[in-house]
Structures are given as C-alpha cells and as structure tokens.
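Beneath this line is the structure, given in structure tokens, with notes to follow.
The values are calculated or read from the model by the stated rules, or taken from the named source; none is laboratory data. These numbers come from a predicted model, not from an experiment. Note: ideal-geometry Cβ built from the backbone for every residue, glycine included; neighbour counts use all protein chains shown.
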Amino acid sequence: MLGDVTRVARLIMARLLERDEELRELAALARRVGRDPGRVVLMRGEAGVGKTAVISELVAGADPAVRVLQGWCDPLATPRPLGPLIDALAGLDRRVVDGLVGALDAGDTGGVYRRLLEVLRSGPRWLWVVEDMHWADGATLDLLRFLGRRISGLPLLLVMTYRDDEVGSRHPLAAAIGDVATSAAITRIGLTPLSRDAVAELSAGSGLNATDLHRLTGGNPFYVTEILGAGPDRDGLPHSVAEAVLGRLARLSDIARDTANAVAVCGPRASLALVHAICPHAKDGVDECLRAGVLVAEDGVLGFRHELARRATLDQIPDHERQLLHQGAMDVLSATPVEPDRLAALTFHADQSGDDDAAVRYGIAGAQRAAALGANREAAELYALALRHAPNVPAEQKVLWIEGHAFARYLYGDADTSASLWRQAIKMRRAMGDRLGEGEDLG
C-alpha cells in the first residue's frame, strides 16, 4: 500500500515539477479576467510534457466567481465538428444556451457565432479551456479565428493547448494561429521537458539510474512516470513507452484488462455508460483500473492518463476482439433517435467494425453536417471514408457524393485531389448520359 501511495504521489509531482513560472502566469491572467480585456493563451509542448496537469491546476485554483468551461479535440479520423464547443456547453443551464444549441443542431454557423457571443457577453467571467487543438476540426479552427479577433471585448480567458511537435508549417492549426498571430491579446506559453535534476527527484528510491532515465526519456514527464509506474520488478529499463504501458496492463486482472481495452476502443474520452454497455465486466473492472492508475475518471467520462497509453493499449488488442468492440459501440450509439453529434463517432466505429452499410449511412450524413458547419476538411474525410465502403452503390447516387467530396476538398485548399474527383464525376456523368450534369461539373 505504501508503495502504491509513493507511486501515485510521484506521478502527480512529475506533471507539476518545474512548472511554477507557467502556473503563476496563468493564475495572474485568470485573476484579471473580466477586469482586463479578454485574452487567448496558446500553450504548446510535446506529447506527455504535462499540459493537462497545468490546466488541471489552473482550473482547480480558479476563482469561484469565474465560470469554467472545458472542451476537448479528439484524435479521430472523423472528429466531431465544433466538438470542444459542444463539450463546453454540456455543463451550462439549457435555458442559457438553448438558442446556441439550436443553431448547432441546425448547422447554422452564423447563428452559432452570434449566439455564442451573446452567451459570453451576458454571463459571468469565463475561463474556457480547450485541450489538444492539434486535433481540431476545421470548424473549431474557424472558431479560434473568430474569437481571437473579438477576444478583447469579452470577459473571457481562452486557454488552448496543442502539441507543437505535431504542428508543422502546413498543419491547419499553424494557419489558424498565423491568422491571429498579430493580435495583442495572444499569450504564448511553452512547456519544456524536465531537467535531469527533476528526473532524479522523481526517481529517488526507485533503484533506477537518474542519468540513464533522463537520457532514455528525454525528460518527458509521461515517459518518466510510465517507466517508474511499471515498478521495480522489471529486468532493466523498458525500451519504449509501449512496453511500460503493456507492463502495467499485464498486472491487471482479466476483467480489468477487458475494461481497459473497451475504453481504448471507445476513444480518448469514453462515456462510462458506453463502456458498461460494451464490456459486461466494466462495473468491477473500472474500479481496479482506477486504483492501478491505468484509467482516470471525471464526470462520467473515462480515459487513459495519456493518449499514448491508450494507443499502446489499442494496438495490443487482437483484431477480432477489437472489431467486436467497435461493433458493440456502434450498436449502442446508433440507438434512435441518433444525435447529430454522434455521426462522426458512428462512422468511425462502423469503419473499424467493417460494416459497409453503416459506414456509408453515417459517413454521408456526417459529411453533410460537417460541411454545413464549415468543417470542410472533416467533411472531405467523411466522404472519403464512406466512399471506400460504397463500391456497389448505384452511379446516380455515388456521383453526388463524389461531387460533395470534391467541393469539400476544394473549400479547404486541396486543389489537386478536388480536381481529380471532379474528373471522376465528369466521367461518370458522361457514362450515364447526363449531359447537363456533366456540363455543370465542367463549369
């Protein structure tokens, strides 16, 4: 028991070591929200460097008079359009945001922007945190641009985190940041890996050489804590974080391991109800996973302590088991009436389970909704995924989807692919004898 407490304390400490300066800066900005002009904070750092821990400390220390909103971007092939906004609204009084929810459901982008400004201007002081912007959909990036230009007139501190090691010069987030870069209301905070001394403090008493551990991990808090969390029973240092994660899974009971697998399949933020529905043993397995530190829970949502751990877990699930879990998730999420916000997730699970009909049905509906909200990159990905599952769809229907795909590609700047798709649509229209449609595509 004492060893478990020591490990948990070490894991918590790692996320906040050498973060005093950043926490002081954020706390000062949070204290002034509503008194000074609004501000956007862009917090960058590599995967596992501790961005979420800093955010958690900021939220925990927020003034009770400041209303906290939280949202997340998910690492899915078909992310939810405006997912972080939908997450943030979940904790608000329905009467306050009813018009905004209506605009979202209707795919009315202009209405969404207008209603959002009304909510932010009429309410209290706000702290809004959006994590993992490197996975943001196009509509969320547009929302960053929109708020970034108007933030000074709002009682809002908007804090967005992202992995700078995944955001190159051609990444959509880089373009969005560039569009607001000249604003005086932007604050940039960078989190760096831990020093050798910090790693030595964390690894004290572990039996591991601090210099070797720092060299192996590069001072990344996640790598350090995963290796330390695997315990001293291993023969030597693990060669990768995946081994550390799998070593921790190996210490779980079969029931707990099944639960962790189900959570991994459900995504970065897995609904507890969904996990229970697809994993019969989750009632007991969740408790064990939480005690072991494999999973964390908050407000009915389960997740791994880091996305890298989820991916390592997902990779070790046998193909047939993973397919059955995706099928189960799709069956649960497809209960009628299907909420529009579920379409991207349903498409993802249908694709992974190999259900062609469902992938087409949900993929096309999701693509059309994403396009209506201005999330054109996500619309294109959904069209592409659906079309991969539609080899036998009648040409009269398929050509419409190809044209929608081509237009979405064009709108988000992928001109070459768009042109290729238009050529494909033109060829199909010609083969169908549809001269009018062919002419419209040529135009």
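Filtered by the rule that a residue be within 18 Å of GLY148 (Cβ to Cβ) and of a type in the set (Val, Ile, Thr), the stretch 18-61 gives VAL33, VAL40, VAL41. Every residue in the stretch 419-431 that is touching a residue at least 24 places away in the same chain (Cβ under 8 Å) and either within 17 Å of ALA371 (Cα to Cα) or loosely packed, with under 14 Cβ neighbours inside 10 Å (or both), please. Within the stretch 419-431, ALA431 is the sole residue that qualifies. Looking at ALA175, is it over 19 Å from GLY34 (Cα atoms), in the same structural domain as ARG32 (by TED's automatic domain parsing), touching a residue at least 40 places away in the same chain (Cβ under 8 Å) and not in a strand (DSSP E or B)? No; evaluated as a whole, the condition is false for this residue. Scan the stretch 280-304 for residues that are surrounded by 20 or more Cβ atoms within 10 Å (Cβ to Cβ) and without any contact (Cβ under 8 Å) to a residue 40 or more places away in the chain and jot them down. If the condition is that a residue be surrounded by 20 or more Cβ atoms within 10 Å (Cβ to Cβ) and without any contact (Cβ under 8 Å) to a residue 40 or more places away in the chain, then ALA282, GLY285, VAL286, CYS289, LEU295, LEU302 are the ones that fit.
Has the stretch 45-58 got at least one residue that is in a strand (DSSP E or B), of a type in the set (Lys, Arg), touching a strand residue (DSSP E or B) at 6+ places or on another chain (Cβ under 6 Å) and touching a residue at least 12 places away in the same chain (Cβ under 8 Å)? Scanning the stretch 45-58, I find no residue that is in a strand (DSSP E or B), of a type in the set (Lys, Arg), touching a strand residue (DSSP E or B) at 6+ places or on another chain (Cβ under 6 Å) and touching a residue at least 12 places away in the same chain (Cβ under 8 Å), so the answer is no. Helices (runs of 4 or more DSSP H) fully within the stretch 64-171 that include at least 1 residues being in contact (Cβ under 8 Å) with a residue 60 or more places away in the chain, out of contact with any Gly (no Cβ under 7 Å at 6 or more places or on another chain) and surrounded by fewer than 20 Cβ atoms within 10 Å (Cβ to Cβ): 83-89, 94-106.
Table: residues versus (1) within 24 Å of the chain's Cα centre (by Cα); (2) surrounded by fewer than 23 Cβ atoms within 10 Å (Cβ to Cβ); (3) modelled with pLDDT under 80.
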site: PHE222; (1), (2), (3): yes, no, no
site: GLU226; (1), (2), (3): yes, no, yes
site: GLY231; (1), (2), (3): no, yes, yes
site: GLY247; (1), (2), (3): no, yes, no
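The set of residues from the stretch 265-279 being over 20 Å from PRO84 (Cα atoms) and in a helix (DSSP H, G or I) comprises VAL265, ALA273, VAL275, HIS276, ALA277, ILE278.
The lone criterion from (1) within 30 Å of HIS320 (Cα to Cα); (2) in contact (Cβ under 8 Å) with a residue 24 or more places away in the chain; (3) not aliphatic (A, V, I, L, M) left unmet by ASP441 is number (1).
For residues that are among the acidic types (Asp, Glu) and under 24 Å from the mean Cα position of the chain (by Cα), scanning just the stretch 94-127, find the one that is modelled with the lowest pLDDT. Explain how you work it out, then say what you get.
We begin by selecting, within the stretch 94-127, every residue among the acidic types (Asp, Glu); these are 98, 105, 108, 118.
Now drop any that are not under 24 Å from the mean Cα position of the chain (by Cα), which leaves 105, 108.
Details: ASP105: 88, ASP108: 92.
Here the answer is ASP105.
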